[in-house]
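Beneath this line is the structure, given in structure tokens, with notes to follow.
The values are calculated or read from the model by the stated rules, or taken from the named source; none is laboratory data. Everything numeric here is computed off the predicted structure, so don't read it as measured data. Cβ atoms come from the backbone with ideal geometry, glycine included; neighbour counts cover every protein chain shown. Just the protein is used for accessible areas: all its heavy atoms, side chains included, with ligands, DNA and RNA removed. Shrake-Rupley method; radii C 1.70, N 1.55, O 1.52, S 1.80 Å.
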Amino acid sequence: NAGVTQTPKFQVLKTGQSMTLQCAQDMNHNSMYWYRQDPGMGLRLIYYSASEGTTDKGEVPNGYNVSRLNKREFSLRLESAAPSQTSVYFCASSGGMGGEKLFFGSGTQLSVL
Amino acid sequence: QKEVEQDPGPLSVPEGAIVSLNCTYSNSAFQYFMWYRQYSRKGPELLMYTYSSGNKEDGRFTAQVDKSSKYISLFIRDSQPSDSATYLCAMSGTGRRALTFGSGTRLQVQP
């Protein structure tokens, strides 16, 4: 039972490089989320997708784009990475019925030099 | 001011102690309250889930919600070294899909 799977687990980028973080869930959940976690800041929402075909900005969307490829997959793209995007990124999913219980992946540790 | 405030700790207690972790919040629309546990280099995992006010108990863990004071608590009885982790409170309101998280409290239980 895989749950939420994120790839890669670690990545080092140079400023200006681009990359895509991949996320897939096998729980048939409607909603998917991308959070970033920084020391002292907790988890902050970047983007979320309430259902297949829809995406919405969260608290800190600048510098990121997302794609809800299908019900299972939700990717996060950094078009031109900046050092301020050094963080741990978590993907999560939920049933989408309100009062959400989120299920998280194991995270991607990203460093931008 | 953040919507959800949580003391970052670290909190260090001896094995067997009762631990109290707390969060305050400012948004009166929050109705769903959760506690997540996060081990080092892992994703958060749901520990407790409460709707509206009241208490909920699950083994050694008790979650309390006081909506009148905008205050939630997590109690851990007979704490174990395996409880050493960061505990994040999280909450949301009706129709608001995404959770708002506290910054997390790091707990260390000493054997």
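Quick notes on this one:
- Test: residue in segment B:43-59 that is touching a Ser or Thr at 6+ places or on another chain (Cβ under 8 Å) and of a type in the set (Ser, Thr, Tyr): yes
- Check on A:Val60, among the aliphatic types (A, V, I, L, M), under 26 Å from A:Lys14 (Cβ atoms) and not in a loop (DSSP other than H, G, I, E, B): no
- Test: residue in segment A:73-82 that is open to solvent by 30 Å² or more (accessible area, probe 1.4 Å), within 14 Å of chain B (Cβ to nearest Cβ) and assigned to a strand (DSSP E or B): no
- Restricting segment B:26-69 to residues that are within 13 Å of another protein chain (Cβ to nearest Cβ) and not in a strand (DSSP E or B), the residue that is surrounded by the fewest Cβ atoms within 10 Å (Cβ to Cβ): B:Ser40
- Where B:Ala17 falls short, out of the listed (1) within 10 Å of chain A (Cβ to nearest Cβ); (2) surrounded by 14 or more Cβ atoms within 10 Å (Cβ to Cβ); (3) more than 15 Å from the chain's Cα centre (by Cα): (1)
- Hits in segment A:38-72 - residues which are open to solvent by less than 40 Å² (accessible area, probe 1.4 Å) and either of a type in the set (Ser, Thr, Tyr) or closer than 23 Å to A:Gln109 by Cβ (or both): A:Asp38, A:Gly42, A:Leu43, A:Leu45, A:Ile46, A:Tyr47, A:Ser49, A:Gly58, A:Val60, A:Pro61, A:Tyr64, A:Val66
- Filter pass, B:Ser20 being in a loop (DSSP other than H, G, I, E, B) and either touching a residue at least 12 places away in the same chain (Cβ under 8 Å) or of a type outside the set (Gly, Ala, Ser) (or both): no
- Members of segment A:34-54 found to be at pLDDT 95 or above and either in a loop (DSSP other than H, G, I, E, B) or out of contact with any Ser or Thr (no Cβ under 7 Å at 6 or more places or on another chain) (or both), listed by number: A:Trp34, A:Tyr35, A:Ile46
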